[in-house]
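What follows is one structure encoded as structure tokens, with my remarks underneath.
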Amino acid sequence: MTREEAVKRIETLRGEVRRHERLYYVLNAPEISDQEYDALERELRTIEKQFPDLVTPDSPTQRVGERVAGDLPTFAHQVPMLSLDNTYSADELREFEERIFRSIGRRRIAYVAEQKIDGLSIALHYEGGRLTRAVTRGDGTRGDDVTSNARAIRSIPLALQGQDVPEALEARGEVYLPRSRFHAINQEREGRGEEPFANPRNAAAGSMKSLDPRIVAERGLDVWLYAVAQVQGCALSSHWETLGRMRDWGLRTNPAARRCAGLDEVLAYCEEWREKRDTLEYDIDGIVVKVDDFSLQKELGATSKFPRWAIAYKYPARRAATVVRDVIVQVGRTGKLTPVAVLDPVSLAGSTVSRATLHNEEEIARKDVRVGDTVLIEKGGDVIPKVFEVVLSKRPSDTIAWMPPAICPACGAKAVRAEGEVDRRCLNRSCPAQIEEAVKHFARREAMDIEGLGEALVHQLVERGLVRDFSDLYRLRLEDLTGLERMAEKSGCNLLDQIGKSKRREPRRLLFALGLRFVGERAAMILTRRFHGLDAIARASIEEMEGIHEIGPAIAGSVHDWFQQESNRALVARLRAAGVRTEEEPAKEATNTPTPTFDGMQFVLTGALHGMTREEVRTAIEARGGRVTSSVSKKTAIVVVGANPGSKHEKALDLGVRCIDENELRKMLELAL
Ligand code: IVH
């Protein structure tokens with residue numbers, strides 16, 4: 001290909017890729033198959049590789065950049081980013097309208113009602129149609145320049161599209177983390193022993209402040225754009241028109257926005273979403289009501305803080321009052337004691353809540369939660385509801401302050417709170433509650449993957465003394481199982497079969513399954529990759545482990561301490577004796593080529609992936625011996641389901657083909673290396 005041909009072809013390909021990105025991410029209406037899209041992107045990458053000087057920053061291949069050093073630079077907003085005045089009732093909304101009526105001397109006004117996205121506001125600057133800068137709200141006058149991070153969000157176009165792209169544009173909107181991503185990320189974090197994010201908003205804000213765009217790409221953030229702050233070379237006369245034009249330019253606008261002929265329609269909209277908000281893939285904390293006509297907006301103007309032409313109708317935080325009947329203490333698999341309030345069941349945000357976490361004894365003391373108290377419980381983005389506050393006016397006269405237990409409620413051993421720690425722990429390693437939790441973790445899909453070994457069963461096995469540690473699982477006989485509740489011969493056989501199969505799981509899974517403190521899936525993988533099995537890990541010194549990239553002192557210390565204990569070494573020996581694989585199998589060839597762990601497996605991709613391009617996914621799967629095919633059939637091993645998946649997902653569900661999300665895929669790829 002000559003250079004001249006390359007220039008032309010690159011231009012065509014970029015145009016096509018952008019058009020399809022928009023159809024896919026913005027309009028949710030793809031015109032071509034994922035494969036065809038991949039082929040376009042792949043061809044573009046190939047030519048760009050051949051002619052590196054033709055690569056421009058706005059090429060769709062250049063989304064995710066390198067980590068930056070130091071702090072994020074700041075940027076002064078040319079138009080201040082105001083916030084919105086809040087209202088909480090229909091009456092207050094009517095007052096808002098009355099103020100407008102008085103001010104403009106007219107009593108019929110059209111509005112646009114939109115969901116108020118609970119994320120983090122962002123300003124996107126486009127010049128000559130190219131994304132030149134992205135800035136957070138900051139204090140409203142000056143924000144952080146987060147351009148590299150914004151580029152890593154797939155639904156933010158690097159270049160505007162369509163007819164009449166304005167010479168300059170500042171669009172504003174909200175970056176958010178979809179709920180499914182929030183839950184997946186928190187699960188990963190907890191697996192690694194890291195503090196989970198409190199809610200999707202914190203996770204989104206934390207991600208956008210990251211200095212490494214690759215983290216943003218991985219998180220899978222998304223955006224809704226809802227305003228134009230500045231525009232040159234284009235006349236806009238209403239908000240509704242603006243939303244349409246933004247959409248035409250390839251900016252992702254929320255399809256739930258509605259033009260309302262009057263306030264009654266606005267109120268109906270508010271009511272509609274009050275109930276439906278739990279069904280959304282993102283959190284909203286209310287509705288934003290905006291006067292549609294720009295000339296009216298201008299006439300109404302703004303105070304120093306808020307525009308007078310818009311207001312937020314906030315939904316009350318989802319709280320409910322109920323009574324604390326008991327405070328029980330749960331024992332985790334590492335012996336951590338967590339106080340939990342047992343409540344009169346109450347309905348909250350679409351589900352019935354009968355328990356709420358109290359986190360730790362300090363938290364209880366701070367809130368002074370007592371049995372008999374009426375409390376407000378709250379459900380944020382978090383999965384587990386929490387006690388927000390005690391309604392002191394309703395406190396019965398005979399309550400007493402809650403006292404942390406001196407002994408473990410499950411085994412009666414001494415419960416100790418170490419100096420400087422917030423958690424109290426049961427130090428008895430054979431505490432049945434700890435064993436139950438540990439066995440449940442051992443059997444998890446990400447660990448030894450023992451299907452059918454659920455909570456109720458584990459409870460019985462531990463209660464009857466059939467399982468005192470992991471190695472007992474491998475000694476279970478059919479007659480042990482058939483004596484248990486709800487366990488017939490057939491299910492017993494199946495379970496034994498599953499337990500038997502788990503013996504062949506890779507050592508990295510075993511290491512994770514053993515549940516050492518701070519050793520999540522990733523650390524387990526890194527350690528086994530380096531040491532090829534538990535034997536060498538047991539012998540490794542702290543320094544040796546700390547020398548490994550990504551293994552810090554907490555992990556190294558925890559692993560070392562664990563293997564120092566004679567009882568733990570004996571446990572590993574018993575597992576090994578039972579036939580559980582503790583060491584990597586020697587590579588078939590003495591080369592560095594990765595074992596093709598996906599040998600012969602067919603993968604199908606559907607929906608939008610966030611952190612990886614389809615080409616990267618394909619290359620990675622192929623490097624591991626798998627294949628990516630275009631349609632789902634019985635031969636398909638795995639369907640990778642991204643955002644807004646198409647009919648392939650349904651077909652996979654029909655055929656019972658295993659479906660995984662991007663996150664799981666990433667794990668599989670890492671683990672299959
Ligand atoms: S319009 C002049 N529309 O809410 C302010 N804001 O409390 C114009 N927000 O900082 C804002 N969804 O980050 C607007 N559909 C929406 C919104 C929205 C969320 C946020 C925005 C703003 C905050 C104000």
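Each pair of Cα atoms in region 431-470 enters the Kirkwood radius, and Stokes-Einstein at 4 °C and 1.567 mPa s then converts it into a translational diffusion coefficient of 132 µm²/s. Phi angles of region 19-24 translate, via the Karplus equation with coefficients 6.51, -1.76, 1.60 and θ = phi - 60°, into HN-Hα couplings of 4, 6, 4, 5, 4, 7 Hz per residue; Gly and Pro are given as x. Between 0 and 90 degrees, the angle of helix 489-502 with respect to the longest Cα principal axis of the chain falls at about 80 degrees. Packing here is the average count of other Cβ atoms within 10 Å per residue, and on that basis the peptides 82-90, 636-644, highest first, run 636-644, 82-90.
The long axis of helix 263-276 is offset from the longest Cα principal axis of the chain by roughly 10 degrees.
For Glu167 and Arg108, the FRET efficiency from 1/(1 + (r/R0)^6), where r spans their Cβ atoms and R0 equals 41 Å, is about 0.70. Here's how it looks for Gln330: its modeled amide H is under 5 Å from those of Thr338, Val340, which are all 5 or more places away or on a different chain. Relative to the dominant Cα principal axis of the chain, helix 614-623 is inclined by about 20°. Which of the three applies to region 393-458, rounded, prolate or oblate, going by the alpha-carbon gyration tensor with a ≥ b ≥ c and a/c under 1.5 meaning rounded? Here region 393-458 falls in the prolate category. Would you mind telling me the antiparallel percentage of the DSSP bridges in the chain, rounded to 5? Around 85 percent antiparallel, to the nearest 5. Distances between every pair of Cα atoms in region 493-568, grouped in 10 Å steps from 0 to the bin holding the largest one, split as 19, 52, 20, 8, 1 percent.
State whether the chain is rounded, prolate or oblate according to the following rule on the C-alpha gyration tensor (a ≥ b ≥ c being the square roots of its eigenvalues): a/c under 1.5 gives rounded; otherwise a/b larger than b/c gives prolate, and the remaining case gives oblate. Verdict is oblate for the chain. Backbone phi angles across region 104-113, fed through the Karplus curve with coefficients 6.51, -1.76 and 1.60 (θ = phi - 60°), yield HN-Hα couplings of 9, x, 8, 10, 10, 9, 9, 10, 10, 9 Hz in residue order; Gly and Pro are listed as x. Report the GluC sites (Glu not before Pro) located in region 413-504 that are in a DSSP loop and have at most 13 other Cβ atoms inside 10 Å of their Cβ, or state none. Hits after loop and neighbour filter: Glu419, Glu421, Glu485.
Looking at the square roots a ≥ b ≥ c of the eigenvalues of the Cα gyration tensor of region 527-673, which shape do they give, rounded for a/c under 1.5, prolate if a/b is larger than b/c, or oblate? It comes out prolate by the Cα gyration axes. For region 1-58, the spread of Cα positions along the three principal axes, ordered from largest to smallest, is 35, 21, 15 Å. For region 267-344, the convex hull spanned by the alpha carbon atoms encloses 200 Å³ per residue. Principal axis extents of the Cα atoms in region 319-438, from largest to smallest and rounded to whole angstrom, are 40, 33, 24. Beyond 22 Å in Cα-Cα separation lie the following of the pairs Lys367/Lys394; Lys501/Lys648; Lys336/Lys440; Lys440/Lys503; Lys379/Lys414; Lys290/Lys379: Lys501/Lys648; Lys379/Lys414; Lys290/Lys379. Here is the short version for the chain: Cys234, Cys260, Cys270, Cys493, Cys659 have no other Cys C-beta closer than 4.7 Å. Couplings 3J(HN,Hα) of region 397-407, computed from phi: 6, 9, 7, 10, 4, 6, 10, x, x, 8, 10 Hz, in residue order, whole Hz [Karplus 6.51 cos²θ - 1.76 cosθ + 1.60, θ = phi - 60°; x for Gly and Pro].
Compared with the alpha-carbon gap, the fully stretched path from Ser393 to Arg539 is longer by 46.6 nm at 0.36 nm per residue. Mean projected area of the convex hull spanned by the Cα atoms of region 1-128, taken over all viewing directions: 14.1 nm².
Take the Cα of Glu585, step 7 Å toward its Cβ, do the same at Ser631, and the gap between the two points is 3.5 nm. Under a 5 Å amide H cut-off, with hydrogens placed 1.01 Å from N, Tyr226 pairs with Arg172, Gly173, Glu174 among residues at least 5 apart or on other chains.
None of the figures in this text is laboratory data; all of them are computed from the coordinates on show. Keep in mind that what you see is a predicted model, and the values were worked out from it rather than measured. Methodologically, a virtual Cβ is constructed for each residue, glycine included, from the backbone with ideal geometry; neighbour enumeration extends over all protein chains shown.
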